[in-house]
Every structure is written in C-alpha cells, then in structure tokens.
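First the structure, in the form of structure tokens, and then the observations on it.
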Amino acid sequence: MLKVTHDGVEWIDGDGGGPLGEIFCLTFLKGVDETEALSRLGGLPDTLRPRTLEEAGEAFTSYEAGYAEFAFALNLGDWTVLIEPNGFQGSLEEPLTALSRGTEAVAVQRHDYADHAFRYAVDGTLVTAFEPTWPDHRWGSEPDRLLGQMRAVGLDLAAYDEGDDEDDEYGDEGDYVPSAYVPALLLAGLITGAVPHPDALAGELPCAEIEPWFSAASPRRTHGPTDPAMIAALQAAPPDVLRAVAARETMRLASVLGLDATPGLAEAVAAAERGEPVTVSPGSELGTHVRSWLRRARQAGGSLNDPFARTNLSDDERTAANMLGWFTDALNAALWPDPRAAARAVLRPLTQGPPELRDPAEETAVLHTLRGGA
C-alpha cells in the first residue's frame with residue numbers, strides 16, 4: 001500500500017498554491033540531515049536559524065535585505081526536504097546533481113509563470129527530468145527509469161489522448177497534464193515514502209539564506225561562447241592553456257571593474273590557474289566581498305520590479321551593480337576544477353556580456369591563445 005496518496009499532496013494545488021504560493025521548489029535528499037542539506041544548497045552558515053515562511057517572504061521582497069532567497073529544511077525520516085519559497089535552485093541540473101553526490105535527490109517545482117519541473121538525480125548524475133505538464137518529453141541518463149511510477153500517479157499523456165481530434169488546432173502541444181505539479185509531488189512521494197504536510201510549514205523551521213555561489217554546483221553548461229570557432233578552440237585546448245585563459249580573463253574583468261585589488265582575489269585565481277583546489281568560504285575576506293557583490297547585483301535586478309525601490313539606484317549604479325553579477329559568475333567558474341568548464345563559463349562576459357565587459361581585441365587574443373599561440 002502506498003505511504004503517500006493524492007490526498008497527501010493536493011494541498012499544493014489551486015489558486016495561491018496554499019502556504020507555498022504559486023512558485024516554489026521542494027528538493028528531497030536521502031540520508032542527509034537538515035543542516036547538511038541547507039549547506040549543500042549554498043546555505044550561509046551565519047544566517048542559519050529557525051524562521052517562518054512569512055519572515056523569508058518579507059526578506060525576499062525587501063531592497064534593504066537584498067531580496068534574499070531562503071530555504072527551509074524539514075526532516076521526513078530517511079529523507080530531508082528542502083523548501084524554497086519563490087525559489088527554484090533545486091530544480092536546476094547543476095545544483096541538483098551536486099546535491100545528489102553520494103546519495104539521491106528528487107526535485108519538484110511549481111512555477112505558474114514559467115515551467116513546472118520534476119528532476120531525479122543519483123550520485124551526481126541526472127537520471128530523469130521532465131516538465132510534468134508534458135511528461136512524454138524526458139531526458140537524462142535513464143529517462144524511462146520511473147515510467148511505471150509515472151503512470152501510477154497519472155503522469156501519462158495516453159490518458160489524455162483518448163478522444164482527441166486529429167485536427168486539433170494545437171496538435172501535440174494541446175495535450176497536457178493539468179496541475180501537473182500535483183502528480184509530480186506524488187511521484188516524489190513514491191520514491192521517498194514521505195512528503196511534507198502543510199501543518200509542518202505553519203511554524204518555524206531550520207532555515208538559511210542561500211547563495212548558490214558557495215555551493216558545490218558546477219558552472220551552468222549553457223553559459224559560454226556561442227561562436228563555433230571559439231567553441232572548437234575550447235574543445236581542443238589543453239588543460240594548462242584553459243586554466244591560463246580563465247585566470248587571465250577573470251583578472252581582466254576585475255581590472256575593468258576596479259576589483260583587482262580585492263584581498264584574496266588574485267591569490268585565489270592564481271591557485272586555480274596552478275590546478276590547486278580553491279574553496280572560498282562565505283565568512284572569509286574574499287567571501288565577504290563576493291557576498292556584497294552578489295547582494296548588490298540582486299538589488300539592481302530586484303528593484304526594477306519593486307515600486308518602492310525602483311529609484312534607489314541611478315542608471316549608472318544599476319549598470320555597475322549588474323556587472324558585479326557578471327563578474328561573480330566568472331569568478332565562480334574560474335575556481336572550478338574542470339578547466340574546460342571553467343574557461344567556457346569565464347568567457348561568457350567577454351563574448352556575450354554588456355558592452356563594458358566586451359573587448360574584441362581581447363577576444364581575438366584569447367582565440368589565438370587557445371589555438372596554441374604564445
């Protein structure tokens with residue numbers, strides 16, 4: 001008999017989405033306690049304390065709080081569930097596979113203004129993933145691993161195809177599972193044996209501000225140059241050249257933004273260039289600067305949708321703050337141990353960033369270096 005039934009998950013349905021609203025992510029981790037789960041997601045240790053959903057919601061909409069994102073952790077026995085109100089980090093491939101190293105992870109996302117999501121990862125590998133609304137479109141190392149359970153919970157388009165008109169105006173795109181995040185959560189429950197009860201969300205839970213920069217997630221695979229010549233050069237270059245390019249470009253960006261004298265920055269980048277493992281803790285001097293840059297970048301983006309804070313930054317200040325976001329992404333990539341992934345992501349500002357960070361002559365020089373030039 002199933003431990004989790006439809007009655008146990010339907011609380012996430014309907015207008016408003018219950019206590020979690022219309023945007024949230026639930027990520028289940030097996031055999032990991034609450035503190036470790038939050039840490040794996042990028043939880044900042046000095047922000048770890050019990051909070052309510054209301055407290056996190058206030059910070060998420062506050063310019064002064066830097067539009068901070070929080071995650072909660074709830075013990076479910078053999079599993080811990082991470083709860084991201086207004087968040088989605090657990091549903092992204094890079095964070096989820098990092099969360100799953102040495103264990104299993106299941107993520108369910110509801111996002112009424114973008115895509116819902118279901119993801120299942122084991123020991124660093126994405127096993128299967130799909131948008132529950134269209135469950136026929138799956139990807140991963142074993143996309144059909146959960147097919148039997150999917151059918152059991154109603155994630156089977158065949159059930160919705162009966163009686164369809166062959167001349168349907170929308171064709172295949174017209175076939176979908178409504179409120180698909182509900183059976184997606186039920187599917188997660190079949191894997192984990194437990195889902196959170198809404199009553200458990202009414203009080204305080206272990207909580208931390210999350211900053212994925214400090215997690216073990218790899219750089220986004222979609223970040224990097226799009227020019228075929230640059231892509232080919234990145235693929236062919238040896239590791240030492242890739243590390244050198246990543247280091248040089250990171251420090252060029254730092255110089256453009258006047259950040260090259262930041263304590264610990266040059267040393268961390270140089271160590272990564274030598275192939276040494278580099279960890280920047282949130283409480284270190286460099287980590288403190290990184291947190292301030294990330295906060296400023298969030299303020300720049302968040303205030304555009306905040307009628308009470310839209311005028312807090314001038315156009316020049318907003319541009320400068322946005323460039324800090326580009327730089328922190330590049331720095332994070334530069335410190336990643338895989339030199340190819342590092343170089344690819346570091347070059348994104350140079351090849352796709354704002355005009356202030358682009359330099360055609362430097363792009364030509366990078367391509368020359370990657371191809372074996374001095």
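Since every read-out is calculated from the coordinates, none of them should be taken as a lab result. In this text the structure is predicted, and so the values were computed from the model without any measurement. Note: ideal-geometry Cβ built from the backbone for every residue, glycine included; neighbour counts use all protein chains shown.
Some points to look at:
- Interatomic Cα distance distribution for the stretch 1-133, bins of 5 angstrom, percent: 2, 10, 19, 23, 21, 15, 7, 1, 0, 0
- Against the rule of thumb 2.2 N^0.38 Å, how large the Cα Rg of the stretch 223-341 comes out: 1.18
- Over the chain, DSSP H runs of length four or greater, each weighted -39,500 (n - 2.57), average out per residue to a 222 nm ellipticity of -11500 deg cm²/dmol.
- Where labels lie 7 Å past Cα in the beta-carbon direction, separation of Arg310 and Asp136 in nm: 4.3
- Least to most buried among His137, His223 (fewest other Cβ within 10 Å first): His137, His223
- For q = 0.23, 0.24 Å⁻¹, Debye-computed log10 I/I(0) when each Cα of the stretch 273-328 counts as one equal scatterer: -0.86, -0.90
- Shown is the FRET efficiency for Ala271 and Asp112, computed with R0 = 45 Å from the Cβ-Cβ distance and rounded to the nearest 0.05: 0.55.
- Contact order normalised by residue count of the stretch 228-370, Cα under 8 Å, 6+ apart, percent: 34
- Temperature 37 °C, viscosity 0.692 mPa s: under these conditions the Stokes-Einstein estimate for the chain, based on its Kirkwood radius over C-alpha pairs, is 148 µm² per second.
- Relative to the current alpha-carbon distance between Gln235 and His6, full extension at 0.36 nm per residue lengthens the span by 77.7 nm.
- Per residue, the average separation of C-alpha pairs within less than 8 Å and at least 6 apart gives the chain a relative contact order of 19 percent.
- Summarising the amide proton neighbourhood of Val127: residues at separation of 5 or more, or on other chains, whose placed amide H is nearer than 5 Å comprise Tyr120, Ala121, Val122, Ser141.
- Extension reserve of the Ala261-Arg49 stretch, reckoned as 0.36 nm per residue once the Cα distance is removed: 72.9 nm
- Table column - 3J(HN,Hα) (Hz), the stretch 74-90, Karplus curve with 6.51, -1.76, 1.60, x for Gly and Pro: 10, 6, 10, x, 6, 10, 10, 10, 8, 10, 10, x, 6, x, 7, 4, x
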